[in-house]
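*Asks:* For reference, the structure I am asking about is given below.
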Amino acid sequence: MSGFDPAWLDLREPADHAARSAEVLAAVASDFAGSEEVVVADLGCGSGSTLRAVAPHLGPRQRWRLIDHDPALLAHARARLSAWADAATDDGGVLRLVREGQEIAVETFALDLSTDPLPEAARSADLVTASALFDLVGEDWLRGFVDALAAARRPLYAALSYDGATRFTPAHPSDLAVVAAFNRHQQTDKGFGPGLGPAAAETLTRLLQAQGRQTVAAASPWRLGWAETELTSELVAGMARAVAERPDAPAGLDGWLAFRTEFAGVRAEVGHLDLYARPPR
Ligand SMILES: C[S@@+](CC[C@H](N)C(=O)[O-])C[C@H]1O[C@@H](n2cnc3c(N)ncnc32)[C@H](O)[C@@H]1O
């Protein structure tokens, strides 16, 4: 689980889509109801999962600007979106999709958000979205991002920020220690300064509310059962790899991994928060 491996993003997409808060998504949709055309910028777009989750809730014509620093992921996103659409035309510039009567034009931008948190392509969009991104960033970066968002007076829909609460059933005696070490690993620098990790959603909410914004927030946990065994196995293996890198890795990590991998029927809940912030008044 590198986090940005296309295979990992594809594997997690159904769980991500099932986890998204319907309440928060409905608030986004209601603010754009009746708009003939909506321009959306998705930060850290990966393989385009946010577009596939959100586009069905927006209007008949949409323009999406997908932003990521990884050109290989952007190419993967174009291929995944072309396969998802009923019809697609890709001349290498604007990717034109038609799906269930909606016309969706997609542009991809290879940009490093660590140095420019809100590029022009996002500053001029009607809606800024990001999923599973903010738990990678540091507090200084987040402050700069939120300030840029306010200056541009843009709404933000931030989904699936990991909140640190990972629970397994059945329990293992090392669960708490492993999850705590994994959460500390989440706070290492991922290219945006010392990472906020599980504190990101709360910090983002606080910063946006300090601007006087109205926010709608709700939990969006992964609830992984029998049908998600492959995802749970990858999650567990990725957690063990991350924890093993730490000098404070708890003893018994191998035993924990063996138990979690070999025990058929493991279930997991992984906490996230979804947030929608309307533009500052
Ligand atoms: C956990 S993935 C989430 C992908 C996608 N939003 C989703 O929900 O499936 C984080 C994404 O952030 C992107 N990313 C990480 N650092 C970045 C940076 N400095 N600039 C732009 N994108 C970055 C990664 O390439 C990856 O696509």
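*Asks:* Please go through segment 26-69 and pick out each residue that is touching a residue at least 60 places away in the same chain (Cβ under 8 Å), open to solvent by less than 20 Å² (accessible area, probe 1.4 Å), more than 18 Å from ASP16 (Cα to Cα) and within 16 Å of the ligand (Cβ to nearest atom).
*Replies:* VAL40, ALA41
*Asks:* Here are the criteria: (1) under 24 Å from ARG278 (Cα atoms); (2) hydrophobic (A, V, I, L, M, F, W, C); (3) open to solvent by less than 20 Å² (accessible area, probe 1.4 Å); (4) within 16 Å of the ligand (Cβ to nearest atom). Tell me which single one ALA15 does not satisfy.
*Replies:* That leaves (1) as the condition not met.
*Asks:* Take THR115 and tell me if it is of a type in the set (S, T, N, Q), near the ligand (Cβ under 10 Å from one of its atoms) and in contact (Cβ under 8 Å) with a residue 60 or more places away in the chain.
*Replies:* No, not satisfied.
The values are calculated or read from the model by the stated rules, or taken from the named source; none is laboratory data. Keep in mind that what you see is a predicted model, and the values were worked out from it rather than measured. Using ideal geometry, Cβ is built from the backbone for each residue, glycine included, and neighbour counts are taken over all protein chains shown. With ligands, DNA and RNA removed, areas are computed over all heavy atoms of the protein, side chains included. Shrake-Rupley method; radii C 1.70, N 1.55, O 1.52, S 1.80 Å.
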